[in-house]
Amino acid sequence: MSARGAEERSAERARILRAERTAALARRGAAQAARPATRYLVCACGPERYGLSIAVAAQVLPIQVLPMRPCTPVPGAVPALIGLAALSGRMVGVLGLARALGRGIGDPGPDGHLVALKGTAQPVALAVDRVLGVASVDDEVVEPPSAAGGMGGEAVSGYCPAGAEGAALGDFLVLDLARLLRRALP
């Protein structure tokens with residue numbers, strides 16, 4: 001057998017391997033695309049982590065913007081309302097996530113973030129201890145809130161365990177924004 005014939009067979013095997021690998025990657029991509037996934041903005045609130053559907057997050061700002069645009073307390077307001085702040089040219093109610101959940105944790109410190117929300121009846125932002133990142137999680141791995149050991153409360157619709165595909169930020173409770181706002185702003 002000639003050297004040229006051996007080269008041609010080797011090149012043909014490499015083409016076949018590439019074609020098989022491409023087909024396998026395409027099948028894997030199609031399977032992943034077929035599974036419904038939700039992207040969550042994962043936030044810290046004290047020692048706990050909460051995920052908020054990224055579809056309702058309009059903007060994330062460091063809480064240090066408030067000294068430039070102070071948060072004005074509202075006398076007689078509901079306990080969850082820290083106050084009003086001017087964000088993006090409009091007055092926005094700032095809710096402390098810990099307060100809205102009924103936790104005994106104080107308001108966010110200087111490393112905190114404001115998460116401006118969209119799709120709400122009134123302009124609202126959540127003040128959180130910090131935003132940890134975005135997790136894209138298959139909907140089928142989100143467990144019922146009872147799996148969180150009762151930590152959920154009324155404003156939680158699920159639990160994403162650590163180690164689940166897409167949950168690189170650790171486990172978190174999935175917030176139900178509508179229930180959270182109903183609870184915090186009666």
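The numbers here are math on the coordinates, done by the rules we state, and not lab data. All figures in this text were calculated on a predicted structure; none of them were measured in a lab. Neighbour counts are summed over all protein chains in view; Cβ atoms, including those assigned to glycine, are modelled from backbone coordinates with ideal geometry.
Which whole-number percentage describes the relative contact order of the chain, with Cα contacts under 8 Å and a sequence gap of 6 or more?
About 21 percent, as a whole number.
Taking the simple approach of a point 7 Å from Cα along Cα-to-Cβ for both LEU25 and GLN122, what is their distance in nm?
5.2 nm
Rule-of-thumb check for segment 36-184: C-alpha Rg over 2.2 N^0.38 Å?
For segment 36-184, the normalised Cα radius of gyration is 1.00.
Ranked from highest to lowest mean number of other Cβ atoms within 10 Å per residue, what is the order of the peptides 94-103, 5-14?
94-103, 5-14
Could the peptides 36-45, 128-137, 84-93 be put in order, highest first, of the mean number of other beta-carbon atoms found within 10 Å of their residues?
36-45, 128-137, 84-93
Which residues' amide hydrogens lie under 5 Å from the amide hydrogen of LEU132, considering only partners 5 or more residues apart or on another chain, with H built in the peptide plane?
Those qualifying (amide H under 5 Å, at least 5 residues apart or on another chain) are VAL42, CYS43, ALA44.
Between ASP107 and SER2, how many nm apart are label points set 7 Å from Cα along the C-beta direction?
It works out to 8.4 nm between the two label points.
Helix-only estimate, please: 222 nm mean residue ellipticity of the chain, summing -39500 (n - 2.57) across DSSP H runs of length 4 or more and dividing by its residues, to the nearest 500.
Result for the chain: -8000 deg cm²/dmol, rounded to the nearest 500.
If amide H atoms are built 1.01 Å from N in the plane of the peptide, which residues on other chains or at least 5 residues away come under 5 Å of the amide H of GLY170?
Amide H to amide H, under 5 Å and 5 or more residues apart or across chains, GLY170 pairs with GLY163.
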